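Input: a single structure, listed below in C-alpha cells.
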Amino acid sequence: MKILFATSEAHPLIKTGGLADVSGSLPNAYAHLKQKVRLIMPAYGDVMEKLDHVKEVADLTVGACDRQLHARILKAKVAGIDVPVWLVDIPELFKRSGNPYMAADGEDWWDNGERFGVFAKVVAEVAMNRAGLDWQPDWVHANDWQTGLVPALLSEEVAPPRTLFTIHNMAYAGLFPKSLFDSLWLPWHWWGLQGVEFHGHLSMLKAGIVMADWVSTVSPSYAREITFPEYAYGLEGVLLQREREGRLLGILNGIDTTVWNPATDPLIKRHYSVEKGRVAAKKVNKAAMLDFWDLPKDVLESEAPVIGLVGRLVAQKGIDLVLEVLPELLEQTDARFVIVGSGERHFEYALNELAHHYPDRVMVYIGYSEKLAHRVEAGADLFLMPSRFEPCGLNQLYSLAYGTLPVVHATGGLADTVVNATDENLAEGKATGFVFFDPSRHALKSTLMHALYLYGRKRTWQKLQKTAMQQDYSWEKSAQKYLQLFQSVPE
Ligand code: ADP
Ligand code: GLC
C-alpha cells in the first residue's frame with residue numbers, strides 16, 4: 001500500500017501540539033508495517049533552517065488568488081522520521097519563521113486561507129502523480145483543516161487515490177470568507193449546505209468531512225461526541241451523516257516510544273522502568289525538574305507531592321478550573337504545582353501571578369520547552385489534564401508511561417485511556433489514574449484530594465504507578481486499525 005500522509009506540522013521539524021507528535025510517528029508505524037509512505041508538509045522557514053540536505057525533486061505551478069505560484073518539492077531525510085519527507089516550498093507563503101500559523105504578535109497570518117488552500121492544491125497534484133515524482137499513492141491520509149481541501153479536490157478527479165481525513169480537533173474549523181473560495185478557483189457547485197459552505201464562509205474542515213471517502217478522529221469517544229452539538233460547533237449534522245454511512249471511525253493515537261520512554265529518554269536525569277525500579281529514580285527526576293526554578297535544597301528533597309501540567313494554555317485544557325482550585329489546594333494541602341505552557345495571555349498572566357504569590361509552591365514556565373515537558377513527565381507525581389474536551393490527548397499517555405498518574409476529566413481520549421482509581425478498580429488491579437466526570441471545580445478538587453490521600457498510601461500508590469506504566473499505548477495497534485481500513489476498501 002502506498003500512503004501519502006499530508007500534515008501541517010510534524011515532530012521534530014515543527015510542533016505546536018499533538019498533531020506534530022502524531023505526524024512524526026504514525027508514518028513511521030505505517031512504514032514498520034511494511035507500507036510505502038511519503039510525508040508531505042509545507043517548507044516553513046524554521047523547518048528549512050533545521051535541515052542540512054534537501055534535494056529538489058519536482059516543481060509545479062498552481063493558480064490561486066489572481067496569480068500563478070511556483071512550488072518546488074524538496075525531499076529531505078529527517079532523523080526520527082523513517083519515511084521520506086516532501087516539503088512544499090513556496091517562499092512567499094511559507095518562508096516565515098516561528099509558529100506555522102501565527103505571526104510573532106500571536107495573530108493568525110492574514111493569508112492562512114491562501115497558504116493552506118495552495119498547499120492543498122499542491123498535495124492534490126502530487127497525489128494524482130502529476131507533479132513529476134513518479135509515485136502514485138493508493139491512499140491519501142489528510143489531517144485537520146489545513147489539509148481539508150485535499151480530499152475535496154481529489155473527489156473531482158477521475159480515478160483518484162482513496163482519501164481518509166482525520167480530525168484532530170473540531171475547535172479549529174479553518175473558516176475563511178467567500179472571497180477566498182472564489183479566488184482559489186474551487187468548483188462552484190461546492191458552495192452550499194452539502195458542500196464546503198458554513199454560514200456564508202468557506203470551512204476547510206467541513207470540506208474534509210463531507211468530501212473524504214472516510215473520516216476518522218483520534219479516539220472512539222470523541223468520534224461519538226462530535227455527532228452532538230456540544231462538541232461539533234455546528235458540524236454535528238454532517239458528522240452524523242458520515243456516521244450513518246458507516247464512514248466515521250475513532251482510532252486512538254499511539255505514542256512514539258523512541259521519544260517518550262522513561263527507560264531511554266535522553267532529556268531526563270535518571271532512567272527507570274517497571275523492571276529495574278522507579279521509586280528512587282523518580283525522586284532524582286523530581287529534584288532535577290524542580291531545580292530548573294533554582295529552589296532551595298529542602299524543596300528539592302521534599303517528599304511533598306508535585307502535580308504537573310504541560311500544555312497549550314487555552315480554554316480547551318480546563319485552565320480556568322485549575323486556576324479556581326489552586327488557591328484552596330495550596331491552603332489545604334502540601335502539594336506543589338509545576339506548570340509549563342503558553343497560550344492565551346490572561347491564563348499566562350494569572351499563572352504568573354500565582355507563582356509570584358507562592359514562590360516555592362507554584363512553579364510556572366511560560367513558553368515552549370521540550371526538555372521541561374519531558375522532565376515534568378518524569379519528575380511529577382500526578383499529571384493534571386482537566387480538559388473540557390480532548391479529542392485524544394497525548395500527555396496522559398506519556399504520563400501513564402512515566403508512572404506519573406494522570407488526573408483527567410472523563411471526555412474524549414482521556415475517558416478512553418485512564419482507568420479511575422475506584423476501590424473496585426484498585427482491588428482488581430486495573431486502576432491507572434484519577435477521573436472526574438463533571439467539569440466543575442468541586443469535582444476536580446475532590447478528585448485531587450482523593451489522589452493526594454492515596455499518595456500517602458505508598459503500597460497502593462506504587463501499585464497504581466506500576467499498572468499505569470504497564471499499559472501499552474505504542475502505535476502498533478492503532479496503525480493496524482488504519483491499515484485494516486486501507487486494506488478493506490476494494491480498489
Ligand atoms: P494538543 O494537541 O491539544 O495540544 P496533546 O496532549 O495531544 O494536546 O499534545 C500536546 C503535545 O504538545 C505534547 O507532546 C506536549 O508535551 C506538547 N506541549 C504542549 N505545550 C508544550 C510546552 N509549552 N512545552 C513543551 N511541550 C508542549
Ligand atoms: C489535537 C487534540 C489532541 C490530540 C492531538 C493529536 O490537537 O487537541 O487531543 O491528541 O490533536 O491527535
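The values are calculated or read from the model by the stated rules, or taken from the named source; none is laboratory data. Fair warning: this is a prediction, and the values are worked out from it, not measured in the lab. All Cβ positions, even for glycine, are placed from backbone atoms using ideal geometry, and neighbour counts span all protein chains on display. Note: areas computed on protein heavy atoms with side chains; ligands, DNA, RNA excluded. Shrake-Rupley method; radii C 1.70, N 1.55, O 1.52, S 1.80 Å.
Odds and ends about this structure:
- Residue list for the stretch 231-255, filter: in contact (Cβ under 8 Å) with a residue 40 or more places away in the chain and open to solvent by 30 Å² or more (accessible area, probe 1.4 Å): Tyr231, Tyr233, Leu249, Leu252
- The stretch 99-137 - residue that is among the small types (Gly, Ala, Ser) and either open to solvent by 30 Å² or more (accessible area, probe 1.4 Å) or not assigned by TED's automatic domain parsing to the domain that holds Pro27 (or both) and, of those, nearest to Leu19 (Cα to Cα): Gly106
- Of all residues in the stretch 21-44, exactly one satisfies the criterion of being under 26 Å from Gly113 (Cα atoms), open to solvent by 10 Å² or more (accessible area, probe 1.4 Å) and away from ligand 2 (no atom under 16 Å from the Cβ), namely Arg38.
- Selection of first residues in the stretch 384-398 that are on the phi > 0 side of the Ramachandran plot and of second residues that are near ligand 1 (Cβ under 10 Å from one of its atoms) and open to solvent by 10 Å² or more (accessible area, probe 1.4 Å), restricted to Cβ pairs under 7 Å at least 6 apart or on distinct chains, gives the following pairs, ordered by first then second residue: Gly393/Met385.
- Leading residue by the ranking (nearest to Trp139 (Cα to Cα)) among those in the stretch 31-64 that are modelled with pLDDT of 95 or more and among the acidic types (Asp, Glu): Asp59
- Scanning the stretch 357-399 for residues that are within 16 Å of ligand 2 (Cβ to nearest atom) and under 19 Å from Trp293 (Cα atoms) gives Tyr368, Ala373, Glu377, Phe383.
- Enumeration of residues in the stretch 154-175 that are within 19 Å of Leu202 (Cβ to Cβ) and open to solvent by 30 Å² or more (accessible area, probe 1.4 Å): Ser155, Glu156, Ala171, Tyr172, Leu175
- Meets criteria (assigned by TED's automatic domain parsing to the domain that holds His409 and either farther than 25 Å from Ser219 by Cβ or of a type in the set (A, V, I, L, M, F, W, C) (or both)) for Arg312: no
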